[in-house]
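Here the structure comes first, spelled out in structure tokens, and everything after it is commentary.
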């Protein structure tokens, strides 16, 4: 492996980096309200099952392709191709993957900037800087642009440091901080009036919905997207794994951390929403469903914090700090996708590659900020609803059908302690060939419909 590419220095560092890539804003603001709207614990149980029936096998496809090639997505798909047509298609898939990761980051950086803005607004307001606080928390072109650029600069700084001294070092700091903050906030919120009702909504299963097609499809989509699959981030991280590591174990540990944090977020978000309701804050939309995503984060919870005076300032700072960390650990992996390509394709240094990729994505993001109403939702739809599942399907097809089975098993057998094929090696190649593509197609059709 090229020294310039780098390699994760420890198993813990990889798990924290990969889990950080998977644990993003959606895990914290989306999963709990999805669970509450789809049968509570019934949804959680189905989600956990599908996380290991769908997300884990697809995650292993990305990690295995990445480590086999020790290169970017284009290199990985070309290496397992058997002829020129497959290499050409692999190159196309790789290019689309790099563009999709960049496109997702272009809107993700805007939302992440809002997290920073809200996090700073509360202490500034407490210190009497009300004008600055209002500016940071109100929607405007200048505010959106500045905060996006700040967030992209933070992301670039980490990625420019390299794999071990940048991504791994900061992931080992940020992810434990995220988990500790999440647990502390959840424990405090659970002591407040109204929290028990939210906890019941989350933990008491509505068994009438357990076989609902809506519940199953929603859990299926949540499981797939929660591990940031389909855009090559896990493939790139897999390319930085040492050949000495046991991939199936690593993949399982990453999946466990990711789903664990998503489930843990439910113990914070839903009780917090019902605490807000107890204080007179509207938490349901006109259709009777729980408010979610940006409305939850930027309307419901700020109203709760505002009702708590000095305590609310501390909670707001901790909460938006938590969200900023979740956003940063995900954005690092997204920026690494184009950066790794530039480093390998043009033999650039990491600083140059990170700077060029950051400038290009920041220009894309600026265009969205300048034409927010027209572009923001469109970019999200194209990149996450269509491109990401299609890329996930392509990666499954390359791992299951294009890659020669004997070479695939040889890659999996590296550092396998048993001489006889393990259960994983017996079922996974078949599973990723037939079952995973079918499930991804179902997700895609359901998304389009």
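Here are some notes:
- Matching option when the condition is assigned to a helix (DSSP H, G or I), in contact with a helix residue (DSSP H, G or I) (Cβ under 7 Å, 6 or more places away or on another chain) and more than 15 Å from residue 263 (Cα to Cα), among 51, 61, 42: 61
Every residue, every condition in (1) closer than 30 Å to residue 177 by Cα; (2) touching a helix residue (DSSP H, G or I) at 6+ places or on another chain (Cβ under 7 Å), yes or no:
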{"position": "352", "(1), (2)": "yes, no"}
{"position": "373", "(1), (2)": "no, no"}
{"position": "383", "(1), (2)": "yes, yes"}
{"position": "399", "(1), (2)": "no, yes"}
{"position": "409", "(1), (2)": "no, yes"}
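- Within the range 235-250, considering residues that are assigned to a helix (DSSP H, G or I) and at pLDDT below 95, the one surrounded by the fewest Cβ atoms within 10 Å (Cβ to Cβ): 249
- Single residue of the range 32-43 satisfying the filter (under 19 Å from the mean Cα position of the chain (by Cα) and surrounded by fewer than 24 Cβ atoms within 10 Å (Cβ to Cβ)) that is farthest from residue 251 (Cα to Cα): 33
- Among residues of the range 1-31, those that are farther than 27 Å from residue 297 by Cα, modelled with pLDDT under 90 and surrounded by fewer than 21 Cβ atoms within 10 Å (Cβ to Cβ), counted: 5
- When residue 408 is tested against the conditions (1) within 17 Å of residue 82 (Cα to Cα); (2) surrounded by fewer than 16 Cβ atoms within 10 Å (Cβ to Cβ), the lone failure is (2).
- Of all the residues in the range 411-422, those that are surrounded by 15 or more Cβ atoms within 10 Å (Cβ to Cβ) and modelled with pLDDT under 75 number 1.
- Scanning the range 251-284 for residues that are touching a helix residue (DSSP H, G or I) at 6+ places or on another chain (Cβ under 8 Å), within 18 Å of residue 223 (Cα to Cα) and either surrounded by fewer than 22 Cβ atoms within 10 Å (Cβ to Cβ) or free of Cβ contacts under 8 Å to residues at least 40 places away in the same chain (or both) returns 252, 253, 257, 263, 264.
- Highlighted here are the helices (runs of 4 or more DSSP H) found entirely within the range 140-218 that include at least 3 residues which are under 25 Å from residue 259 (Cβ atoms): 169-189, 195-203.
- Hits in the range 296-311 (condition: surrounded by fewer than 19 Cβ atoms within 10 Å (Cβ to Cβ) and either over 14 Å from residue 137 (Cα atoms) or out of contact with any helix residue (DSSP H, G or I) (no Cβ under 8 Å at 6 or more places or on another chain) (or both)): 299, 307, 308, 309, 310, 311
- Among all positions in the range 386-393, there is no residue which is surrounded by fewer than 19 Cβ atoms within 10 Å (Cβ to Cβ) and over 21 Å from the mean Cα position of the chain (by Cα).
- Condition met for residue 223 (touching a residue at least 12 places away in the same chain (Cβ under 8 Å), crowded, with 24+ Cβ neighbours inside 10 Å, over 16 Å from residue 332 (Cα atoms) and under 15 Å from the mean Cα position of the chain (by Cα)): yes
- Residues being surrounded by 13 or more Cβ atoms within 10 Å (Cβ to Cβ) and either in a strand (DSSP E or B) or free of Cβ contacts under 8 Å to residues at least 24 places away in the same chain (or both) - total across the range 285-295: 2
The values are calculated or read from the model by the stated rules, or taken from the named source; none is laboratory data. What you see is a predicted model, and the numbers here were worked out from it, not measured in a lab. Here the Cβ is made from the backbone with ideal geometry for all residues, glycine too, and neighbour counts use every protein chain on show.
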